[in-house]
1. Among the residues of region 222-252, count how many are assigned to a loop (DSSP other than H, G, I, E, B), of a type in the set (V, I, T) and in contact with a Ser or Thr (Cβ under 8 Å, 6 or more places away or on another chain).
2. Within region 296-305, track down each residue that is of a type outside the set (G, A, S) and either without any contact (Cβ under 8 Å) to a residue 60 or more places away in the chain or at positive phi (or both).
3. Can you list the strands (runs of 3 or more DSSP E) lying wholly within region 111-190 that have 1 or more residues being acidic (D, E) and within 19 Å of S215 (Cβ to Cβ)?
4. Would you point out which residue out of V230, V236, V242 is loosely packed, with under 13 Cβ neighbours inside 10 Å, free of Cβ contacts under 8 Å to residues at least 24 places away in the same chain and aliphatic (A, V, I, L, M)?
5. Could you tell me which residue of region 1-59 is surrounded by the most Cβ atoms within 10 Å (Cβ to Cβ), considering only residues that are of a type in the set (K, R) and farther than 18 Å from T87 by Cβ?
6. Scan region 194-221 for residues that are under 27 Å from Q274 (Cα atoms), assigned to a loop (DSSP other than H, G, I, E, B) and either among the polar types (S, T, N, Q) or modelled with pLDDT of 95 or more (or both) and jot them down.
7. From the set of residues in region 253-270 that are charged (D, E, K, R) and either part of a helix (DSSP H, G or I) or outside the structural domain of D213 (by TED's automatic domain parsing) (or both), which is surrounded by the fewest Cβ atoms within 10 Å (Cβ to Cβ)?
8. Between a first residue in region 273-295 that is not assigned by TED's automatic domain parsing to the domain that holds D11 and a second residue that is at pLDDT below 95 and crowded, with 24+ Cβ neighbours inside 10 Å, which pairs have beta carbons less than 9 Å apart while being 6 or more apart in sequence or on different chains?
Amino acid sequence: MRIAVLTGGGDCPGLNGAIRAVVRKCLALNYEVVGVKRGWLGLMKGDVEPMGAHSVSGILPLGGTILGTSRTNPFKEADGLARIEATLRDYRVDALIAIGGDDTLGVANALCKHGILTVGVPKTMDNDVALTDYCIGFDSAVSIVTDALDKLHTTASSHHRVMVVEVMGRDSGWVALVGGLAGGADWIMIPEVPASVEEACEHLRNRRGKGKDFSIIVVAEGVTPIDLSVTDDTSVDAFGHVRLDRRGVGEALGRRIEEITGFETRVTVLGHLQRGGSPTVFDRMLATRLGVAAVDCVKERKFGKMVALQCSQIATVELDDVISQSPRNVDPSLYELAAIFY
């Protein structure tokens, strides 16, 4: 048996742990394993190399991915499917393990329908893949957000300012909500809940009236407040997603808050800091468990599946079921919990 492994989409801490787990489990089963460079782009171009114990030695604490990644959709490339099939044939690959978010898993599912034996591993710091409680990279991202809020509290209180912190989150507000709740945010805006600048400003005024002379607002980059204009970039990536970093929702929100309330306001955009650094203990364990489970799926010939964490146990779900559902949204009860601490 020869297994290929790749990472697709945005990078995040924990990817190397999953790669390591795949390789080590393959070696334990006497399977051969090859690594695909730069995700689907590398698979189309035949950018593949053999992997062994030496390839993954010491990578568990490393952020990013040693294989590299890209936002490439082979079904939008000329002869993309044929080129992938040629690469798999040339390197005598029997099965493919794809580590990524909705887009990467969607391609894996489509390839499976074309006869390529695939297994998916959920990775996204947004934590919005359906049918799994956690995705690789999420815990590390919210830990970075929480640490940033801890630091911003001291400067906000020293200058009696409002701090607006923009974090990642296109369709789901997991990073904003969990990071904001753990970091003691005073107001959180997420895509799942209609956001209002006026409502946020009223809350800030009430806080000042109670003697609280500084506040921290966390906003997900995908939020569109009903009473705020943002700049939408019309350019899209290979999967049709607009670039949210160019919307400037944090900057727009900060300016509007200062105009309405008169409170001095500063904006921090955490951006790709949320993707960097070493993975947390949770992400290292999750990546290890999911990587091993993915190889077990290959061993048991369970293809067209995604390995998932459900109620602390590793489960296997249909890729079809994952892709057919909308992005996994924040539980409303969790948002209500955060509101208690405003």
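The values are calculated or read from the model by the stated rules, or taken from the named source; none is laboratory data. In this text the structure is predicted, and so the values were computed from the model without any measurement. Cβ sites come from the backbone with ideal geometry, for glycine too, and all protein chains shown count toward neighbours.
1. Going through region 222-252 one residue at a time, the tally reaches 2.
2. Correct list: E300, R301.
3. Of the strands (runs of 3 or more DSSP E) lying wholly inside region 111-190, those with at least 1 residues that are acidic (D, E) and within 19 Å of S215 (Cβ to Cβ) span 162-167.
4. V236
5. Per the stated criteria, the residue is R20.
6. Residues satisfying the conditions are S196, F214, E221.
7. Ranking the qualifying residues of region 253-270, first place goes to E259.
8. The qualifying pairs do not exist here.
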